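One structure is given below, encoded as structure tokens.
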Amino acid sequence: MINTVYRLRSPRRFEIAFEDVGLSGGVLVRPTHLSICNADQRYYQGTRDIRVLKEKLPMALIHEGIGQVVYDPQGQFRPGDKVVMVPNIPCEEDPCIAENYLRSSKFCGSSADGFLQEYISLSPERLVLLPDGLDPDVAAFTELVSVSVHAVSRFETIAHARRDNIGVWGDGNLAFITALLLKKMLPDSRVHVFGISREKLSDFSFADSARLTTDIPADLQLDHAFECVGGNGSPVAIEQIIGLIRPEGTVSILGVSEYPVPVNTRMILEKGLRLFGTSRSGKTDFRRTVQLYRDYPTIPMYLSRLVGNIVEVNAFPDIKKAFEIDAKKAFGKTILHWNL
């Protein structure tokens with residue numbers, strides 16, 4: 001069958017392409033709700049390195065989304081099943097390296113076409129069934145939630161057992177999600193959030209404390225920390241973390257920076273700190289995320305605070321409209337009701 005693909009040809013310019021999709025291989029899914037990520041915006045705005053843009057484009061954007069099953073030749077899913085689509089596509093298995101860190105893996109919206117398509121053909125292993133009653137606008141950014149789940153899951157295996165006080169740096173979407181999951185997945189820990197916007201911090205009502213980075217108590221000490229800032233704010237955040245964390249603490253780095261970040265290695269050595277990076281997620285993380293939705297109904301309830309702009313995409317020009325609206329937001333997620 002013929003499939004319509006909406007690709008970014010160059011910054012701020014989309015084009016329509018048509019491709020044949022076979023019905024004998026993967027599960028055919030009709031996207032219904034999509035979510036724009038900061039990575040999508042960097043391609044759309046053209047703020048990625050020019051060499052990267054030349055290499056990647058033209059490409060269909062978006063790696064956060066859900067859809068309905070249209071046809072499954074293997075019969076694992078029924079037509080109409082609501083599923084979250086896993087954008088990471090591994091090409092091999094490694095006993096030591098997770099699928100999202102294998103250099104050979106493909107990723108929708110980065111090294112392969114993303115979800116801006118009429119239909120998506122995916123292996124059944126790249127789909128996770130969603131629970132009934134879940135708000136589809138929240139489910140649309142499950143991929144982002146799964147990244148935080150992946151970070152906390154890795155933290156559980158790496159960090160030492162004293163987890164009384166955990167700090168989260170950042171007041172954006174990723175910090176919100178990470179802090180929320182820490183409160184649910186590690187209920188005995190106190191979670192402290194540090195940011196630069198008093199207005200955004202007011203949304204972190206579930207945290208044990210939410211403070212400006214300029215108003216941190218002098219006697220506060222943390223056992224571990226998560227850096228969710230990225231960009232130009234990473235150096236300051238990491239420096240504050242190193243100063244406040246106790247010896248042998250663990251630091252999870254989640255913020256993405258386009259340029260190298262200077263790090264105080266002297267204090268890392270003196271304190272014997274453990275630093276680990278987290279990027280993307282895999283099928284296991286998606287499954288655990290969906291199970292957390294089931295086990296803790298308050299998680300989707302809190303996540304609904306992140307639903308900002310909702311754009312009905314009924315015609316080709318609405319795609320550009322959605323990205324322009326998203327570019328102006330200060331907080332939250334832009335959700336596309338995908339009707340093309």
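Below, the figures for the structure above:
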{"quantity": "Sorted peptide list for 79-89, 252-262, criterion being average Cβ within 10 angstrom, highest first", "calculated": "79-89, 252-262"}
{"quantity": "Pairwise centroid distance, computed over Cα atoms, of segment 1-54 with segment 289-340, Å", "calculated": "17"}
{"quantity": "Per-pair calculated FRET efficiency, R0 = 41 Å: Met301 and Arg266 via Cβ, rounded to 0.05", "calculated": "0.40"}
{"quantity": "Antiparallel DSSP beta bridges within segment 1-135, percent to nearest 5", "calculated": "95"}
{"quantity": "Expected 222 nm ellipticity per residue - DSSP helices of 4 or more, -39500 (n - 2.57), all of the chain, to 500", "calculated": "-8500 deg cm²/dmol"}
{"quantity": "Environment charge of Arg13, counting only residues whose C-beta is closer than 13 Å and scoring Lys/Arg +1, Asp/Glu -1", "calculated": "+2"}
{"quantity": "Cα gyration tensor shape for segment 245-304, rounded if a/c is under 1.5, else prolate or oblate", "calculated": "prolate"}
{"quantity": "Net charge over other residues, Cβ less than 12 angstrom from the Cβ of Val229 (K, R count +1; D, E count -1)", "calculated": "-3"}
{"quantity": "Protection proxy ranking of 267-278, 35-46 - average other beta-carbon atoms within 10 Å, highest first", "calculated": "35-46, 267-278"}
{"quantity": "Dimensions (Å) - segment 211-340, Cα atoms, principal axes, largest first", "calculated": "58, 35, 29"}
{"quantity": "In order through segment 139-151: 3J(HN,Hα) via Karplus (6.51 cos²θ - 1.76 cosθ + 1.60), integer Hz, x for Gly, Pro", "calculated": "4, 4, 9, 4, 4, 5, 4, 5, 5, 5, 4, 4, 5"}
{"quantity": "Scattering curve values for segment 131-235, log₁₀ I(q)/I(0), Debye with Cα scatterers, q = 0.20, 0.24 Å⁻¹", "calculated": "-1.08, -1.43"}
{"quantity": "Gained length - Met1 relative to Glu248, 0.36 nm times residue gap less alpha-carbon distance", "calculated": "83.2 nm"}
{"quantity": "Karplus-derived HN-Hα couplings along segment 109-119 (A = 6.51, B = -1.76, C = 1.60, θ = phi - 60°), whole Hz, x at Gly and Pro", "calculated": "x, 9, 10, 8, 4, x, 8, 6, 9, 5, 9"}
{"quantity": "Cα-Cα P(r), segment 199-252, percent of pairs per 10 Å interval", "calculated": "20, 54, 25, 1"}
{"quantity": "Correct choice for Cα Rg over 2.2 N^0.38 Å that was computed from the model, options (i) 1.11; (ii) 1.42; (iii) 1.00", "calculated": "(iii)"}
{"quantity": "Whole-percent carbon and sulfur share, accessible surface of the chain, 1.4 Å", "calculated": "49"}
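The values are calculated or read from the model by the stated rules, or taken from the named source; none is laboratory data. Small disclaimer: the values here were computed from a predicted structure and weren't measured. Neighbour counts run over all protein chains shown; Cβ positions are idealised from the backbone, glycine included. For accessibility, only protein heavy atoms count, side chains too; no ligands or nucleic acids. Shrake-Rupley method; radii C 1.70, N 1.55, O 1.52, S 1.80 Å.
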